[in-house]
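The values are calculated or read from the model by the stated rules, or taken from the named source; none is laboratory data. Treat the numbers as computed from the prediction; the structure is a model and nothing was measured. Glycine gets a Cβ as well: all are built from the backbone with ideal geometry, and neighbour counts include every protein chain shown. Quick note on the areas: whole protein, heavy atoms, side chains included, nothing else; ligands and nucleic acids left out. Shrake-Rupley method; radii C 1.70, N 1.55, O 1.52, S 1.80 Å.
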Amino acid sequence: MYGTALRFKDATDREQEPSFRVLALDGGGIRGLFTASFLSTLEELGGGRIGEHFDLIVGTSSGGIIALALSYGIPARVVFDFFLHKGRQVFTRPRRLGMLLRPKYDNRFLSATLKDFFGARVLDEATTPVCVTSYELENSYPRIWKDDHAPDLAPAGDEAAWKVALASSAAPIFFPGAQVSKGDSHVDGGLFANNPTLIGLTEAARYFHQPLDRIRILSLGAGERAERIPYERARRMGVWHWRTAAIEHMLIAQARIAHEIARRLLGPKQYVRVNVPLERPYPLDDYDAAKNLIEPGSQAARVLFPDLKKRFFASAATLGREQKDTVRALRRSDPSRRQS
């Protein structure tokens, strides 16, 4: 369908036990331009698709959109162009006075754009196993949407990709909540896993039965810099002052603790975290500011490419796809589908 397999392959990993490779993509609103630029440049340097070189791709919010696209084999360049050309339209015509009672943006354009981008695809059509986060408000519970890749979970994966992408990116304050199935109610998975690295690590260990020493994770952020708040100011801040600062600090706190846990469990040879410090806090909907992240994303990819090539792109990933094929064979005798 899209592109060709990456050409930067050699036989380095073929002589030893293959690693289980996870790509984890942070949420960040339109700052996902950094992530998409980074991945697009890696594909440019390697000559093909990234998705084939990971056993599992996990993502939250904008990272969830990118994760779904890569899992279907859509080139990172196509994803980058999607963010670049559609991003400004998604974040236009904000409500001003109405924001006190309603979300800042209507999601009709975002919904239509995602539906057009993903078409009729459902989760289980992903060629690379995938996990995407959202938070379910009816039951106050985190939700991990996934294709049908685990034999010890109930069959899943019939959900429309565009609906899952919309739910994962339904950031409170910015967008309305979203429905994936009748009776549910979802908002952005960033409420519990803006950095989904631990989701990927848990999925690899629990449902792909991989030992920790076999797991490698490439974790990509989308830029971070919270407002610096000295004590003298913090002690006087009320609801109005915390209205945006609290969100940014919570997202960064979760992202950083996930990073610290992952690097302690896996070690430096198995875990790589890539992010860019911002000179000031960039709002999740500031398209003009986010465009400044395109070049840093591309530059970071070029600098890190030689190391990432050895760690993640020495050969095509097979473990995730092999398990998914096995699960499909097991399900053939029972075509019924239900969520896990």
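Descriptive notes on the structure:
Listed here are the residues, each with its yes/no results for (1) at pLDDT below 95; (2) acidic (Asp, Glu).
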residue	(1), (2)
103	yes, no
107	yes, no
111	no, no
116	no, yes
129	no, no
134	no, no
138	yes, yes
142	no, no
145	no, no
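- Helices (runs of 4 or more DSSP H) fully within the range 193-281 that include at least 2 residues being open to solvent by less than 10 Å² (accessible area, probe 1.4 Å): 197-206, 239-266.
- Residue within the range 189-198 that is farther than 21 Å from residue 254 by Cα and touching a helix residue (DSSP H, G or I) at 6+ places or on another chain (Cβ under 6 Å) present: no
- Among residues of the range 140-169, those that are part of a loop (DSSP other than H, G, I, E, B) and out of contact with any Leu (no Cβ under 9 Å at 6 or more places or on another chain), counted: 6
- Of the residues 214, 256, the single one that is among the basic types (Lys, Arg) and either within 27 Å of residue 323 (Cα to Cα) or touching a Pro at 6+ places or on another chain (Cβ under 9 Å) (or both) is 214.
- Test: residue in the range 69-83 that is of a type in the set (Val, Ile, Thr) and at pLDDT below 95: no
- Unique residue being in contact with an Asp or Glu (Cβ under 9 Å, 6 or more places away or on another chain), of a type in the set (A, V, I, L, M) and more than 30 Å from residue 53 (Cβ to Cβ) when the list is 137, 123: 137
- If you go through the range 1-30 and keep only what is modelled with pLDDT of 95 or more, in contact with a Ser or Thr (Cβ under 7 Å, 6 or more places away or on another chain) and among the charged types (D, E, K, R), you end up with just 26.
Yes/no matrix, rows are residues, columns are (1) closer than 24 Å to residue 331 by Cα; (2) more than 20 Å from the chain's Cα centre (by Cα); (3) crowded, with 21+ Cβ neighbours inside 10 Å:
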| position | (1), (2), (3) |
| --- | --- |
| 107 | no, no, no |
| 120 | yes, yes, no |
| 146 | yes, no, yes |
| 151 | yes, yes, no |
| 154 | yes, yes, no |
| 162 | no, no, yes |
| 165 | no, no, yes |
| 182 | no, yes, no |
| 189 | no, no, yes |
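- Test: residue 43 is at pLDDT below 95, assigned to a helix (DSSP H, G or I) and within 24 Å of residue 215 (Cβ to Cβ): yes
- Only one of 197, 113 that is within 14 Å of residue 64 (Cα to Cα) and polar (S, T, N, Q): 197
- Matching entry among 96, 49, 77 (being open to solvent by 10 Å² or more (accessible area, probe 1.4 Å), of a type in the set (Lys, Arg) and under 13 Å from residue 297 (Cβ atoms)): 77
- When the range 282-298 is limited to residues that are touching a residue at least 40 places away in the same chain (Cβ under 8 Å) and open to solvent by 50 Å² or more (accessible area, probe 1.4 Å), the one that is nearest to residue 84 (Cα to Cα) turns out to be 291.
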